[in-house]
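Data block below; observations after.
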Amino acid sequence: MRWVCNEGERQVVEAADAAALTHNLNLDPPVEHLRMVWAIGLNYRDHAAETGAPIPTEPVVFVKSTGSVVGHGADIMIPPHVTQPDYEGELAVVIGRRARDVPADEAMDVIEGVTCAHDVSSRDHQFTTGQWVWSKSFDTFCPLGPVLVTPDELDLGHLDIETRVNGETLQSSNTDQLVFDVPQLIAHLSQGLTLEPGDVILTGTPGGVGMARNPQRWLEDGDVVEITIGGIGTLRNRVIRR
């Protein structure tokens, strides 16, 4: 099943209809009652390698402000003080029911659906301050969409994921490269902590980010970023420098 959220109203759509809607319309984030955005760092082996970081032995968890969330087609607004805005395509998981201390083998039961995410990151502030939350939480820094797909339609452990900027492919990987897969992430996060409906989990980004390139590649005014995940669709947003 696929949902889109258009003008505040959630609609169930067929795959072909979803493709037409996402091509022609700006859409709201496909999450009802958004409550929290959990995010996972260094969760693809190739991304950890390109940053020179060791493979984590447990998930690296941080949060993004819910105020950073926008939908498909919305502009990503880069504040004047951000000099190194970077792209990070990710698979996002939306929690559908209250869950605490969930075993990994039961984790799929608490998922409402999955969608594409863009964890926009201000690298200059991230590495100057030594913390990730503020530098990844500026307004519009978390596009989600275009549709929410129920997990029964997909193999979450084997989805192609690609990020393109102005049509150029800069990230290309598969969720089989995750260090911690979706059930493991839910089991870890829910230890002694209650996940609520409307919580979103960003599962990490693959290799190819702008900061790791030579020369480095930062988002620029007018760039169009497309994040495509197999079986879900393409999240598309334009970059505007304020």
Worksheet item: For region 1-149, what is the accessible area per residue in Å² when the probe is 1.4 Å?
Response: 42
Discussion item. Considering only protein heavy atoms and a probe of 1.4 Å, how much of the accessible area of the chain is carbon and sulfur, as a whole percent?
Written reply: 48
Item to complete: Between Arg242 and Arg97, with labels modelled 7 Å along Cα→Cβ, what's the label distance in nm to one decimal, could you check?
Response: 4.1
Item to complete: Sort all Cα-Cα distances of region 23-116 into consecutive 5 angstrom bins from zero, then give the percent of pairs in each bin up to the one containing the longest distance.
Response: 2, 9, 15, 21, 20, 16, 11, 5, 1, 0
Practice prompt. Can you pull the one-decimal nm distance between simple spin-label points at Phe62 and Thr150, each 7 Å off the Cα toward Cβ?
Written response: 3.5
Response to the item:
Over its alpha-carbon atoms, region 106-242 yields an Rg and a Dmax in Å of 15.6, 45
Worksheet entry | Convex hull volume per residue in cubic angstrom - Cα atoms of region 72-172 | 145
Discussion item. With an 8 Å Cα cut-off and a minimum separation of 6 or more residues, compute the relative contact order for the chain in percent.
Written reply: 30
Worksheet item: Given 0.36 nm per residue, what is the gain on full extension from Met1 to Glu196 after removing their alpha carbon distance, in nm?
Response: 68.1 nm
Practice prompt. Place a label point 7 angstrom from the Cα of Glu32 along the Cα-to-Cβ direction, then list the residues of region 75-102 whose backbone nitrogen is under 12 Å away.
Written response: 96-97
Worksheet entry | Estimated inter-spin distance, Ala49 and Ala104, nm [label 7 Å along Cα→Cβ] | 2.2
Worksheet item: Can you give the direction-averaged projected area of the convex hull of the alpha-carbon atoms in region 173-240, in nm²?
Response: 6.7
Worksheet item: Dividing the alpha-carbon radius of gyration of region 62-123 by 2.2 N^0.38 Å (N being the number of residues), what value is obtained?
Response: 1.43
Response to the item:
In whole angstrom, the spacing between the Cα centers of region 29-105 and region 151-199 equals 9
Worksheet item: Can you give the FRET efficiency for Ala212 and Leu25, using 1/(1 + (r/R0)^6), R0 = 41 Å, r = Cβ-Cβ distance, to the nearest 0.05?
Response: 0.75
Practice prompt. Please list Phe138, Phe127 in order of solvent-accessible area, largest first, computed with a 1.4 Å probe with all protein chains present.
Written response: Phe127, Phe138
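The values are calculated or read from the model by the stated rules, or taken from the named source; none is laboratory data. Keep in mind the model is a prediction, meaning the values are calculated, not measured. Every residue, glycine as well, gets a Cβ built from its backbone with ideal geometry; the counts of neighbours run over all protein chains shown. Please note that ligands, DNA and RNA were not included when accessible areas were found on the heavy atoms of the full protein model with its side chains. Shrake-Rupley method; radii C 1.70, N 1.55, O 1.52, S 1.80 Å.
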